[in-house]
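Since the structure comes first, as structure tokens, the remarks are kept for the end.
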Amino acid sequence: MDAKLYEAINQQVTEEYGAAYIYRYLANEMDALSFPGLSEWFAAQASEECDHAQKFAQHLIDRGEHVKPHNIEIDAPEIKTPLDAFEAALAHEKKVSEQIRQITRLADEVGDLGSRPLLNWFLEEQIEEESTVSEIVDQLKLVGKDGSGLLRIDARLAGRSTDSDA
């Protein structure tokens, strides 16, 4: 495996665990604001991000490489409302999408066809992730500070399984 591509994928393992950490933080913030359904949604998202990290790690292992941990650096935004939390999540998903696109460009540049199935899966996954979070942001903006609207969104997002199909 090309050294630059190895390093980029290895770094993405850390980035995915960082995403899990951010989502766990957002789950805690929603719990503190008494939105248990939103907290469950973010907790499930944190679990899914750990699965994503393992997908990248397993790709390296399957290719005869070792996963070398990096420091996780988190800039936790101040969260006062559910909208704050989901806007932070959307910004983070957009950041991750660009990271995946950069890795894909690098894989293409070095001619690593073996990484394309994994990267194609993540490119599709990120479209889904951004769309889902964007829709929730739109709904939160629509209801504004309406308590009954917020509680309906909270109830709808409750019960999301922490088992992902990733």
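The values are calculated or read from the model by the stated rules, or taken from the named source; none is laboratory data. Bear in mind that the values here come from a model prediction, so they are computed numbers and not experimental data. Positions of Cβ are generated from backbone atoms using ideal geometry, with glycine treated the same way; all protein chains shown enter the neighbour counts. Quick note on the areas: whole protein, heavy atoms, side chains included, nothing else; ligands and nucleic acids left out. Shrake-Rupley method; radii C 1.70, N 1.55, O 1.52, S 1.80 Å.
Give me the dipole magnitude in Debye, nearest 20, for region 35-166 about the Cα centre, with unit charges on the beta carbon: positive for Lys and Arg, negative for Asp and Glu.
160 debye
By the scheme Lys and Arg +1, Asp and Glu -1, what is the net charge of all other residues having a beta-carbon under 13 Å from that of Pro77? Don't jump to the answer; show the numbers that get you there.
Details: positive: Lys80, Lys95; negative: Glu29, Asp75, Glu78, Asp84, Glu87.
Neighbourhood net charge equals -3.
Using a 1.4 Å probe on the protein chains only, how many percent of the accessible area of region 1-109 belongs to carbon and sulfur?
Working: 2530 of 5240 Å².
For region 1-109, the apolar C and S fraction of the accessible surface comes to 48 percent.
Would you mind calculating the gained length between Tyr6 and Lys80 on full extension (0.36 nm times residue separation, minus the Cα-Cα distance), in nm to one decimal?
Numbers: separation 74, 0.36 × 74 = 26.64 nm, distance 3.88 nm.
Length gained between Tyr6 and Lys80: 22.8 nm.
Given a 10 angstrom Cα cut-off, can you work out which residue in Glu29, Glu128, Glu93 is the most mobile in a GNM of the chain?
With Cα springs under 10 Å in the chain, the top fluctuation among Glu29, Glu128, Glu93 is at Glu128.
Relative contact order of region 1-113, please, whole-number percent, based on alpha carbon pairs below 8 angstrom and at least 6 residues apart. Walk me through the numbers on the way to the answer.
Numbers: 103 pairs, mean separation 42.4, N = 113.
Taking the mean separation of contacting Cα pairs over the length of region 1-113, I get 38 percent.
To the nearest 0.05, what FRET efficiency results for Ala155 and Ser131 with a Förster distance of 22 Å applied to their C-beta separation?
Rounded to the nearest 0.05, the efficiency is 0.55.
Please go through the residue pairs Lys55/Lys94; Lys55/Lys80; Lys95/Lys145; Lys55/Lys141; Lys4/Lys80 and name each one whose alpha carbons sit more than 31 Å apart in this structure. Before the final figure, lay out the partial values.
Values: Lys55/Lys94 19 Å; Lys55/Lys80 33 Å; Lys95/Lys145 28 Å; Lys55/Lys141 34 Å; Lys4/Lys80 40 Å.
Lys55/Lys80; Lys55/Lys141; Lys4/Lys80, as the Cα separations exceed 31 Å there.
How high is the FRET efficiency between Ala91 and Trp121 when r is their beta carbon distance and R₀ equals 22 Å, given to the nearest 0.05?
Values: r = 23 Å, r/R0 = 1.03.
Computed FRET efficiency for Ala91 and Trp121 comes out at 0.45.
Relative to the Cα centre, what is the charge dipole magnitude of region 59-125, using +1 at the beta carbon of each Lys and Arg, -1 at the beta carbon of each Asp and Glu, and rounding to the nearest 20 debye?
On the way: 8 positive and 14 negative charges, 26 e Å.
That gives region 59-125 a dipole magnitude of about 120 debye.
Rolling a 1.4 Å sphere over the protein heavy atoms, what is the accessible area per residue of the chain, to the nearest Å²?
Numbers: 8680 Å² over 166 residues.
Solvent-accessible surface per residue comes out at 52 Å².
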